[in-house]
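Down below is the structure, laid out as structure tokens.
The values are calculated or read from the model by the stated rules, or taken from the named source; none is laboratory data. These figures come from a predicted structure and were not determined experimentally. Ideal geometry is used to build each Cβ from the backbone, glycine not excepted, and the neighbour counts take in all protein chains shown.
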Amino acid sequence: MNHIRYQRTYLIVLATVTSIIILLVISLFQIHWTNTFVIDQATSRIRQHINLVWQILDDHRSQAAMIAGFLAESRELEQVSRDDPEAARQILERYQTRWSLDLVDVLEVSGTEVKGLTRAGESLARRFYTQGLEEPVSGYAGIPAGVIASEGGFFEKCCQVSGKIVDGIFIVGARPLQSSRGGPARIVLVLERLNNATDLVEAIQASLFKDTFYKGRPVGTFTIFAGPLRVSTSVLLDDGSRAVGTPVSAVVEDQVLKKGIAWTGRAKVLDSWYLSRYEPIRDPSGAIIGMLYVGELEQIYLDQKYESLLISTGAVLMVLVLAFLIATYIVRQTARLDLEKKKVRFDFIRVLGHELKAPLNAVEGYLDLMVSPTVGELPAEYREMVENSLVRLEYMRKLVSDLLDLTRIESGQKQRQLQQLDIGAVARESIDMLMPAASQRQIDIRLLTPEPVTMVADRTEIAMICNNLVSNAVKYNRDKGQIDVMVQRSDRTVTISVTDSGIGMSAEEVTRLFGEFVRIKNERTRGIHGTGLGLSIVKKIAALYRGEARVESEPNVGSTFTVILRE
């Protein structure tokens with residue numbers, strides 16, 4: 001009866017889950033539709049926005065490259081000399097002011113030796129030019145905070161956040177200087193900063209979002225990162241200052257800065273969620289030095305999605321009610337049919353077993369008589385045939401018995417007598433019963449139970465488990481083999497394990513092992529008789545205790561069968 005109740009509970013849960021799945025399918029379809037036409041469109045628009053940002057920055061990069069090329073052709077820069085740094089600085093600052101740049105420097109490069117008027121310029125030249133100056137360079141460059149600090153002046157001021165100097169990120173253009181004077185190779189280097197680039201950020205913000213708001217929050221935000229820190233951003237703090245110096249999340253840092261993979265998803269910016277896109281900024285050598293970020297306020301699209309979902313809620317609830325009614329009907333019919341099927345199967349096998357008992361006993365009696373001394377000595381070949389027939393009769397008797405046990409368990413016809421039981425003692429009884437068969441093949445069986453292990457259980461059921469496991473361990477073991485039977489308790493769980501040193505099984509054979517009428521057939525099992533029902537019975541009994549049966553095996557090494565029982 002407990003088994004039937006368990007099955008009914010299972011079917012009711014299955015029906016409920018089916019109803020929920022129907023609801024989820026409809027809801028997910030609606031959400032998918034909404035995402036397709038709302039969220040996905042927003043995500044696509046964010047990608048378009050960040051592509052526009054790259055175009056704007058690339059215009060600045062192209063401008064830096066063009067200015068570097070123009071200055072490289074300038075006759076005046078040929079006169080810049082390290083011997084008169086003040087005069088050289090005046091010339092370079094004049095060009096710097098004319099083109100609204102943050103640095104113009106002329107550097108002399110000899111192998112890895114670099115000399116310039118600024119440490120920032122020397123640092124970049126060492127990074128991009130190690131041997132030779134044939135190729136121009138343009139792109140984005142990072143300058144470490146230590147170099148910024150040693151440069152001082154304007155660089156230190158523009159790369160300072162809350163009194164702390166951070167890494168600088170710049171647009172760079174560099175071009176070999178055309179010189180007719182000989183001497184060390186020279187390059188012209190121009191830089192435009194991206195740290196605290198307020199004018200650039202505001203121009204990009206206006207191009208992307210027109211400075212519009214939704215429920216008091218900006219529709220979109222834009223940020224430039226140097227490493228994981230915001231160094232230029234349109235995000236404002238409560239006091240109206242820009243949120244420079246705040247870090248990106250660890251997830252984004254790992255994917256974008258460390259792995260170089262663009263990241264798209266929900267990101268919390270201060271106290272609001274934005275649909276966001278982060279992409280790495282790389283210098284001309286390919287190293288990742290920062291990130292670009294563009295985000296649109298998620299609440300806009302959530303509101304649209306919720307409105308769409310609200311419209312479909314009524315229809316979804318109606319479908320749920322209908323699905324539940326259908327599922328309830330199916331559960332009742334399935335339970336009734338399943339119970340009838342199991343009862344018919346049990347009655348059939350019970351009658352079959354009863355009807356077979358008499359002829360089996362009669363045949364067995366005649367065969368026993370034939371091999372008894374009272375009828376005289378049979379020829380050896382006849383005696384062998386009679387003995388084989390007796391073995392087959394015993395197999396048939398065991399098959400009927402196993403079928404009756406299996407159907408009793410399945411149909412709930414088995415009367416269970418639960419009591420406080422010493423599981424180790426039951427295992428010992430099974431070992432004692434099978435010891436004669438094991439001794440004939442010199443197989444040693446050990447019971448490894450450190451102390452009495454008790455639980456509330458049915459003695460017959462536990463005996464079936466132990467008998468089947470130990471019997472299999474004997475049948476499929478090698479001569480002079482070893483069998484270890486272990487019974488253990490852990491909290492409210494009792495584990496019975498039987499380990500043998502037998503023929504073992506392959507992984508494919510293990511997957512089929514607990515099915516009904518399954519016997520592993522190969523060269524090693526030829527001549528070993530069995531019904532193929534023992535392990536199926538073990539598994540079904542374990543299920544009565546909310547447990548499980550499993551096996552670990554290796555060919556030619558042995559197997560370990562484990563049954564877990566829960567109180």
If you go through region 239-264, how many residues are surrounded by 13 or more Cβ atoms within 10 Å (Cβ to Cβ) and at positive phi?
2
Going by the structure shown, is Leu270 surrounded by fewer than 18 Cβ atoms within 10 Å (Cβ to Cβ), over 22 Å from Ile171 (Cα atoms) and aliphatic (A, V, I, L, M)?
yes
For residues in region 429-449 being of a type outside the set (A, V, I, L, M, F, W, C) and surrounded by 18 or more Cβ atoms within 10 Å (Cβ to Cβ), which is nearest to Lys539 (Cα to Cα)?
Ser430
If I go through region 450-462 residue by residue, how many of them are surrounded by fewer than 17 Cβ atoms within 10 Å (Cβ to Cβ) and either among the hydrophobic types (A, V, I, L, M, F, W, C) or over 16 Å from Ala425 (Cβ atoms) (or both)?
1
Starting from residues that are free of Cβ contacts under 8 Å to residues at least 40 places away in the same chain and either surrounded by fewer than 12 Cβ atoms within 10 Å (Cβ to Cβ) or under 14 Å from Ile465 (Cβ atoms) (or both), keep the ones in region 415-424 and report whichever is nearest to the chain's Cα centre (by Cα).
Gln420
Which numbered condition Ile445 fails, given (1) part of a helix (DSSP H, G or I); (2) without any contact (Cβ under 8 Å) to a residue 60 or more places away in the chain; (3) farther than 21 Å from Glu567 by Cα
(1)
Could you list, in sequence order, all residues of region 154-178 that are aromatic (Phe, Trp, Tyr) and surrounded by 24 or more Cβ atoms within 10 Å (Cβ to Cβ)?
Phe155, Phe170
Members of region 540-567 that are of a type in the set (Lys, Arg) and crowded, with 19+ Cβ neighbours inside 10 Å:
Lys540
Output yes when any residue across region 471-493 is of a type in the set (A, V, I, L, M), modelled with pLDDT of 85 or more, assigned to a helix (DSSP H, G or I) and assigned by TED's automatic domain parsing to the domain that holds Arg550, and no when none is.
yes
If the Cβ limit is 6 Å and pairs must be 6+ apart or interchain, which residue in region 172-185 that is over 26 Å from Asp58 (Cβ atoms) pairs with which residue that is modelled with pLDDT of 60 or more and outside any strand (DSSP E or B)?
Ser179/Glu78
Answer residue from region 210-264, given it is among the β-branched types (Val, Ile, Thr) and part of a loop (DSSP other than H, G, I, E, B) and is modelled with the highest pLDDT among those
Ile261
One residue from Ala463, Ala473, Ala507 being over 35 Å from the mean Cα position of the chain (by Cα), under 17 Å from Val551 (Cβ atoms) and not aromatic (Phe, Trp, Tyr):
Ala473
